[in-house]
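Shown next, in structure tokens, is the structure this report addresses.
We did not get these values from a lab; they are worked out from the coordinates using the rules stated. No experiment lies behind these values; they were computed from the predicted model shown. Don't worry about glycine lacking a Cβ; one is built from the backbone with ideal geometry, like all the others, and counts go over all protein chains shown.
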Amino acid sequence: MTQFITSDKCKTCYECNKKSPFFNLLSDSELVLINSNRYEVTFKAGENIIKQGTSATHLISLTRGLAKLYIEGFNNRNLILELIKPLKIFGGPGIFIDNRYHYSVTAVEPTSACFIDSGNFKKLIRDNPDFMEKFLGSVSMDQTKIYERFVSLTQKQMHGRIADILLYLCNDIYHKDKFELTISRQDIADLSSMSKDSAIRILKEMEHEGIILASGKNIEIKNKHLLNDISLKG
């Protein structure tokens, strides 16, 4: 029989020290429910966690690593909507519409994730108003951020879009002005809705102007004030 390996910390939802803040609102019996039919999977960088168009049977929460959430468009072009960090729950909206995933998620680093049975999750939403309110608040916040992203993509020039992505990476993903990229240059292009060549060209221009310093996968924001100014002016 196939052996499924889980981490030492992935015994039960009750014992887990990587629980999403949502699950702090659950009683012991509700944690038992969420733990049933739940399983942990590890992924190598580049492996699909969910595939757009497939059957949506679970909601998912990363416990380790980083993943990209994207829409698969026409002519093999992707639009990355966000990068997903640990403890974020994703998998909708298809769970509540047509039971299909409406986007793909791929690991960009070695990643582990908990798969939560959608039926059990829906029961918690019906039975626990505080849990439902917290979850809906998170979904609403995510949607607000996506609206802001579309304003950037549709109303800003390419330099403004790249500035937005660099600020997103240093402020929201890596939380420092000097970081090692775990995403590719193609991912930066897919985040900013432009070609890879255009993204690389603008990054080189910003480096020439002293705004950033790029060496391989390492990027340092040297002039954050100017980068913010480019973002605001678009």
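Okay, here's what the table says:
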| quantity | calculated |
| --- | --- |
| Estimated [θ] at 222 nm from DSSP helical runs (n ≥ 4, -39500 (n - 2.57)) normalised by residues in the chain, nearest 500 | -11500 deg cm²/dmol |
| Potential extension, Asn48-Met132 segment - 0.36 nm per residue separation minus Cα distance | 27.4 nm |
| Kyte-Doolittle mean at least -0.5, axial Cα span of 27 Å or more - DSSP H helices of the chain | 129-155 |
| Spatially near lysine pairs across region 21-149, Cα under 26 Å, sequence gap of 8 or more or different chains | 26 |
| Partner aspartates and glutamates for Lys204 [C-alpha distance under 15 Å; skip if fewer than 8 residues away on the same chain] | Glu220 |
| Using a Förster distance of 41 Å, the FRET efficiency for His159-Lys122 (Cβ separation, nearest 0.05) | 0.40 |
| Along the chain, longest interval not containing exposed trypsin sites (Lys or Arg not before Pro), exposed being DSSP loop plus at most 15 other Cβ atoms within 10 Å | 78-175 |
| Two-site FRET efficiency, Asn76 against Lys178, from Cβ-Cβ distance with R₀ of 30 Å, rounded to 0.05 | 0.35 |
| Approximate spin-label separation Ser215-Leu87, in nm, with each point projected 7 Å along Cα-to-Cβ | 3.3 |
| Rg and Dmax [Cα atoms of the chain; Å; Rg one decimal, Dmax integer] | 19.2, 60 |
